[in-house]
Structure formats: C-alpha cells, structure tokens
Amino acid sequence: LNRRLDGLGTTIFAEMSALAAATGAINLGQGFPDTDGPESVREAAVRALRDGRGNQYPPGTGVPELRAAIVAHQQRFYGLAFDPDTEVLVTAGATEAIAATMLALLEPGDEVVAFEPFYDSYAACVAMAGAVRVPLTLRAPDFRPDLDALRDAITPRTRLLLLNSPHNPTGMVLTPGELAAIAELAVERDLIVVTDEVYEHLTFDGTVHTPLIALPGMRDRTVSISSAGKTFSFTGWKVGWVTGSRELVAAVRTAKQFLTYVASGPFQYAVAEALALPDAYYTALRDDLQAKRDILATGLAAAGFEVHRPQGTYFITTDIAPLAPATDALTFCRALPERCGVVAVPNSVFYDHPTAGRTQVRFAFCKQHDVLEEAATRLRKAFN
Ligand code: PMP
Ligand code: GLN
C-alpha cells in the first residue's frame, strides 16, 4: 500500500455492515434507507434500460436530460442559474465528485481545512492528492464551527476549504451567519470552497439549507457537490453531480475522466425524472425523516445515551459516556451487536484528533418506524 494510504485500511461502514450481516443485528450503522425511493423513479430506470437509453457510455459530462434537471433543481430551490453544458458535471455519486475535485485542485503539500469529524472519504481523498488535512474540531453539544479558529487556520499554503452541511455525522447545519462569515473569509483569503451538500433536502424543524455558492463572491470559487442517493433513497445508483463555474467544473471534469469516465447510464435518466418531482415529495421526505429522528432520539435518550439532536441528515450523534464511561466508541460499537442486536458507527474514526470523539456513537434513522422502535427497545433493555 502506498504511504499516502497508511492507516486508511477498511472503511468503518464496510466493517460495521459486515458485522450486521454476520450477527443479523438491526443495522443503524452505514447510512442507507431500508425503503427504496419512489416507484415512479424506479419505473423510469426500467424504461431507460428497456428503451436502450444509457446502456452504452453516456456523454462524459452526463446525459443532457440530467444536466438540464440539475440546472432546473438549482434554480427552483435556490434561485441559482448554471449553464448545463459547462457548469454541471455528473459523477459516480458524491464520492467520485469529492475525489475528482481533490485530485483536480490540489498540489502536493497544499493544505485543506475541514471540520472534523469528517466523512471518511475526505481524509482518503486529501491524502491521495498528496495534500495535508488541517482539521478543526466541531465540539458537542452543538457542533457549531469555531470561526475564529477557522480564520487562524488559514495559511499561505491553504488551498481550499472542504465543508459539509448538513453535516455527517453530527447533523449540524450551517446558519446564514456562519455561511456569510465563511464566504467573507474565502473572498478575503482567495480560497476555493468545496461544499458537500448531499443532505441538502434532509433538514428539520424549519432549518433551511443554503448553498454557499449562492453567497456574494462565491459563484466562481465554490465547487458545489450533491447526489441522488440521499434525496431519493437510491444509494446504490451512485448518481452525483458538481455545479460551479466553467473553470472549476472543467478542472474537475479533467480528473473525473480518468477515474470512471462515466457511470450509471440508465439511472441518470431516472434521476432526471426524480429531480423534477413536485415539492410535495421533498416535503414528505423531510417530514417522515423528522418523525423517524424523533422516535430514535426518544428511544436513545430512554436507554441512557446523551443525544445530540440533529438539525439535518439522517444521523443522530450520541455520547455513550453516561452508559459506559470507560469505553471508547469503537470498542462499544464492535460489542453492540452481540450485546443487543443493534449496529452503530463510532464517530471517533471520523476525527484526526484521536481523543476528540472518543465516546461518540452515530445511529442512522433512515429506517422504518417499527425498526427504529425495535432498536430502541433492544438498547433500553441492554442498558437499563
Ligand atoms: N458525502 C457525505 C457527507 C456522505 O454522507 C456521503 C454518503 N454517504 C457521501 C458524500 C457519498 O455520497 P454518494 O453515495 O453519492 O457517493
Ligand atoms: N455516507 C454513508 C454514511 O455515512 C455511507 C457511505 C459509505 O458506505 N461509503 O453512513
């Protein structure tokens, strides 16, 4: 293994999903819904397959129907205008978009500032690009970013900020004030900002997601990334996209060409239809997830976990310290399926600072109500 990949081993999601399969436990670890997305969208994929749309290499930037649908989505929800031919790029999920962006924009030794805990592919992609992570810790209970620390972390070597809001795993959503401060800093220090917005539609209690690229001065210095996986409950389809300026999108496309070239042909047509679903679809998705969040949050609190209620995503970060003060999150999660038939993910693996998330454990709530109730019951019995 090349030294850039030292310590990256097997992702926690693979480890914990394998443990769930081996033990038959309820899998609240890896984030994927236990109910597939809309029937009409599945039918659209079947039609594309049957009619021979996308069965051969689609265009490198994505099929025109999908690029047009992404443009329409950005206009409809955020009032943003993009040119479908030069300012949109379809990728193999957000994962490829992140990888291609890092490989396209980073020189060896460049610094990337990101808030930890971060989604595990960030560390890997920054490392594969030969760049250096500069982690800033989001701290419980609110996980708000420390904007003074952010300002202090910028050096002449800082090439980009890598942001994720709504934030996996904490559920924190950046406020308009925080976004404005970040935008101001990016302009002042001439930084590129990469925004991972895959949970853009999964926000609760009236919390609103605003893409950073919509803020003054950010249109030409932001690479905005999203994906169909979470919004439409098709995580296996791996259809993602990048929107941004012609120059930045062209750079990402150059790297992307040599990663997958293209992916998910027929699914691209189906996602084009999904993006055009009426507002009622998006509202129902977030209402349902909010109800699920409340079921699991109540259950976890009753079992004795300290619960950090998320404003977005489909994850709840908890602290196990009240239950198991001497146990670290990884040890706890490895033992949990045997103990009570539930799988969760240790947040500790999403930090560079080794002790920062030592007792934090994440539970996914994108599951049917009775599954969440059952998981909560098992946890309550195990810890009471
Ligand atoms: N970013 C974040 C924050 C995620 O949680 C995930 C997925 N789980 C991804 C990116 C990857 O998205 P995709 O499945 O579209 O590659
Ligand atoms: N994003 C999902 C999560 O955070 C997992 C994706 C993956 O397995 N790579 O759970």
Positive-pole candidate from 360, 64, 20, dipole of the chain, charges at beta carbon: 20
How would you rank 252, 63, going from fewest to most other Cβ atoms within 10 Å of each one's own Cβ? 63, 252
Name the lysines eligible as straight-distance cross-link partners of residue 292: C-alpha to C-alpha under 22 Å, and not fewer than 8 places from it in the same chain. 230, 367, 381
Hey, in the GNM for the chain with a 10 angstrom Cα cutoff, which one of 181, 129, 250 fluctuates hardest? 181
The stretch 73-82 - phi-based ³J(HN,Hα) in whole Hz, Karplus 6.51/-1.76/1.60, Gly and Pro as x: 5, 5, 6, 5, 8, 10, x, 9, 10, 10
Quick check on the chain: helices-only [θ] at 222 nm, where DSSP H runs of length 4 and up contribute -39,500 (n - 2.57) each and the sum goes over total residues. Nearest 500, please. -13000 deg cm²/dmol
Could you sort the peptides 346-354, 148-156, 42-50 by per-residue average Cβ neighbour count (10 Å cutoff), highest mean leading? 346-354, 42-50, 148-156
Ranked highest first by average number of other Cβ atoms within 10 Å, how do 223-236, 21-34 line up? 223-236, 21-34
Sequence order, the stretch 360-374: Karplus ³J(HN,Hα) from phi using 6.51 cos²θ - 1.76 cosθ + 1.60, θ = phi - 60°, Hz rounded, Gly and Pro as x, gives 9, 10, 9, 10, 8, 10, 7, 10, 5, 3, 5, 5, 5, 4, 5
Quick one: which residues, 5 or more positions from residue 110 or on another chain, have an amide H under 5 Å from its amide H? H modelled 1.01 Å from N in the peptide plane, none for Pro or chain starts. 132
Please tell me the relative contact order of the stretch 39-277 in percent, rounded to the nearest whole number, where contacts are Cα pairs under 8 Å and at least six residues apart. 32 percent
Report the net charge of residues surrounding residue 285, where surrounding means a beta-carbon distance below 12 angstrom and charges are Lys +1, Arg +1, Asp -1, Glu -1. -1
Roughly how far apart, in whole Å, are the Cα centres of the stretch 50-67 and the stretch 226-278? 11 Å
Listed residues 67, 293, 246; largest mean-square fluctuation, Gaussian network over the chain with Cα springs below 10 Å, found at 246
Let me check against my output: what whole-number percent is the relative contact order of the stretch 31-176, with C-alpha pairs under 8 Å and at least 6 apart? 17 percent
In order over the stretch 255-268: 3J(HN,Hα) from phi, Karplus 6.51/-1.76/1.60, θ = phi - 60°, whole Hz, x for each Gly or Pro, gives 5, 4, 3, 9, 8, 10, 6, 8, 7, 6, x, x, 5, 4
In nm, what is the difference between 0.36 nm times the number of residues separating residue 55 and residue 85 and their Cα-Cα distance? 8.6 nm
Under the 0.36 nm per residue contour assumption, what length would be gained going from the current alpha-carbon distance of residue 43 and residue 220 to full extension? 60.0 nm
Charge tally for neighbours of residue 273 with beta carbon under 11 Å away, counting Lys, Arg as +1 and Asp, Glu as -1, is 0
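Can you quote the Å³ per residue value for the convex hull of the Cα atoms in the chain, rounded to an integer?
Taking only Cα atoms, the chain has a hull volume of 135 Å³ per residue.
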Between residue 136 and residues 5 or more places away or on another chain, which pairs have amide H atoms under 5 Å apart, with H built 1.01 Å from N, and which residues are they? 114, 115, 116
Residues 213, 316 arranged by fewest to most Cβ contacts within 10 Å: 213, 316
Fewest to most Cβ atoms within 10 Å: 137, 317 sort as 137, 317
Residues other than residue 181 with Cβ under 12 Å of its Cβ, Lys/Arg counted +1 and Asp/Glu -1, net out at -3
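Values in this text are rule-based calculations from the coordinates and carry no lab data. This is a predicted model, so every value here is computed, not measured. Neighbour counts are summed over all protein chains in view; Cβ atoms, including those assigned to glycine, are modelled from backbone coordinates with ideal geometry.
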